[in-house]
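Everything on this sheet refers to the single structure shown next.
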Amino acid sequence: MNYAQKMSRAQVGTHKVVGLSVIRSAIFAAFEAGYRLIDTASVYGNEADIGSFLPELMKTYSLERKDLFITSKLGPKNHGSGKCRSACLNSLKALGLDYLDLYLIHWPGASGMQPEDARHEALRLESWRDMEKLYDEGILKAIGVSNYTEKHLESLLRGCRIEPSVLQVEYHPQLVQKSLLEFCCRHGILLQAYSSLGSSSSENRLLTNEVVSRIAKECKRSESQVLLRWSIQQGIGVIPKSVNPQHIKENIAVFDFDLTSEQMATISDLHSGHHYCWNPEHVA
């Protein structure tokens with residue numbers, strides 16, 4: 001299986017999954033269910049915890065390092081030449097690894113600056129050049145970005161030597177970023193969706209949506225499986241997050257059924273432009 005194929009598979013998300021016992025339990029449950037991809041980030045504050053049990057995880061499931069796919073991300077406070085390299089190496093040290101399968105710029109803006117500050121563009125390009133060098137050295141096997149808009153991607157493509165492999169963004173039926181997906185397809189960039197199930201807060205209107213529930217009954221699947229399948233059938237990678245072993249198992253059982261074209265269109269019609277997370281449109 002090549003890197004492009006690996007990146008398109010379901011990953012276990014770890015955003016807001018903190019505490020050694022909690023994250024250890026969640027990731028072991030995920031690997032028991034068949035996951036082999038872990039998505040983390042420096043700002044999640046759990047890299048060291050993950051690194052502490054990776055050797056045990058591999059031993060338990062008779063895996064080698066090449067069988068895992070580990071993603072981490074550059075925090076906004078570490079944008080810029082040299083700072084990006086140091087941050088990446090710190091993530092590797094925390095995880096106990098000598099390379100990352102995928103490293104992303106987490107946010108298009110740098111910490112401590114106003115969103116409209118024109119210096120963001122130069123700083124994120126400096127970060128990208130650090131990442132290109134780390135890629136050349138074999139420390140990063142693939143590089144990409146997160147929370148970039150088309151404007152940010154166009155700027156990166158004008159100035160990069162190595163094009164991004166991945167764009168990770170919020171994407172779900174209430175935020176159907178069709179133009180962004182089409183842009184990624186034209187440029188050979190895999191779009192990975194976070195918040196595919198909406199939010200874990202009471203504000204979440206996706207898992208309880210009548211349309212989603214009706215289609216779930218038609219398919220004899222759960223609402224979460226329908227939402228994940230909707231993304232997968234568009235060629236989008238998914239990063240479901242849960243600490244519930246049953247939900248973790250359920251969220252990877254999405255490759256053995258299809259939604260009809262009518263069901264896909266009906267779900268897409270739920271688009272309202274609603275963000276559950278951050279909106280990067282305002283970052284220069």
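The values are calculated or read from the model by the stated rules, or taken from the named source; none is laboratory data. Because the structure is a prediction, the values reported are computed rather than measured. Don't worry about glycine lacking a Cβ; one is built from the backbone with ideal geometry, like all the others, and counts go over all protein chains shown. Surface accessibility is based on the protein's heavy atoms, side chains included, excluding ligands, DNA and RNA. Shrake-Rupley method; radii C 1.70, N 1.55, O 1.52, S 1.80 Å.
Where the second residue is surrounded by 12 or more Cβ atoms within 10 Å (Cβ to Cβ) and the first is of a type in the set (F, W, Y) and lies in the range 49-68, which pairs have Cβ atoms under 7 Å and are six or more apart or on separate chains?
F53/R24; Y61/F31
Right, K77: touching a residue at least 24 places away in the same chain (Cβ under 8 Å) and of a type outside the set (A, V, I, L, M) or not?
yes
When you go through (1) without any contact (Cβ under 8 Å) to a residue 40 or more places away in the chain; (2) loosely packed, with under 14 Cβ neighbours inside 10 Å one by one for C184, which number turns out not to apply?
Single failed check for C184: (2).
Search the range 134-151 for residues being in contact (Cβ under 8 Å) with a residue 24 or more places away in the chain and more than 19 Å from T71 (Cβ to Cβ), and hand back the single one that is surrounded by the fewest Cβ atoms within 10 Å (Cβ to Cβ).
E150
Which of the residues that make up the range 85-133 are surrounded by fewer than 21 Cβ atoms within 10 Å (Cβ to Cβ) and of a type in the set (S, T, N, Q)?
Those that are surrounded by fewer than 21 Cβ atoms within 10 Å (Cβ to Cβ) and of a type in the set (S, T, N, Q): S86, N90, S111, Q114.
Answer yes or no: is there a residue in the range 93-104 that is under 20 Å from E47 (Cα atoms), within 18 Å of the chain's Cα centre (by Cα) and charged (D, E, K, R).
Yes: one or more hits.
Name, by its number, the condition in (1) touching a strand residue (DSSP E or B) at 6+ places or on another chain (Cβ under 6 Å); (2) farther than 30 Å from A26 by Cα that does not hold for G237.
Going through the list (1) touching a strand residue (DSSP E or B) at 6+ places or on another chain (Cβ under 6 Å); (2) farther than 30 Å from A26 by Cα, G237 breaks only (2).
Would you be able to say whether some residue in the range 255-267 is farther than 20 Å from W107 by Cβ and in contact with a Leu (Cβ under 6 Å, 6 or more places away or on another chain)?
The answer is no, given that none of the residues of the range 255-267 is farther than 20 Å from W107 by Cβ and in contact with a Leu (Cβ under 6 Å, 6 or more places away or on another chain).
For residues that are part of a helix (DSSP H, G or I) and touching a helix residue (DSSP H, G or I) at 6+ places or on another chain (Cβ under 9 Å), tally how many sit in the range 57-66.
Looking only at that region, the number is 4.
Can you tell me which residue in the range 152-174 is most open to solvent (accessible area, probe 1.4 Å), limited to those that are aliphatic (A, V, I, L, M) and closer than 21 Å to E116 by Cα?
The residue in question is L157.
What's the total number of residues in the range 152-181 that are over 18 Å from the mean Cα position of the chain (by Cα), under 18 Å from S231 (Cα atoms) and free of Cβ contacts under 8 Å to residues at least 12 places away in the same chain?
Total satisfying the criteria: 0.
Return the pair list, or none, for Cβ contacts closer than 6 Å from residues in the range 27-41 that are of a type in the set (A, V, I, L, M) to residues that are open to solvent by 30 Å² or more (accessible area, probe 1.4 Å) and assigned to a helix (DSSP H, G or I), at least 6 apart or on different chains.
As it stands, the answer is A29/P245; A33/K249; A33/I252, since those pairs meet every condition given.
How many residues does the range 7-37 hold that are hydrophobic (A, V, I, L, M, F, W, C), under 14 Å from the mean Cα position of the chain (by Cα) and outside any loop (DSSP other than H, G, I, E, B)?
Qualifying residue count for the region: 3.
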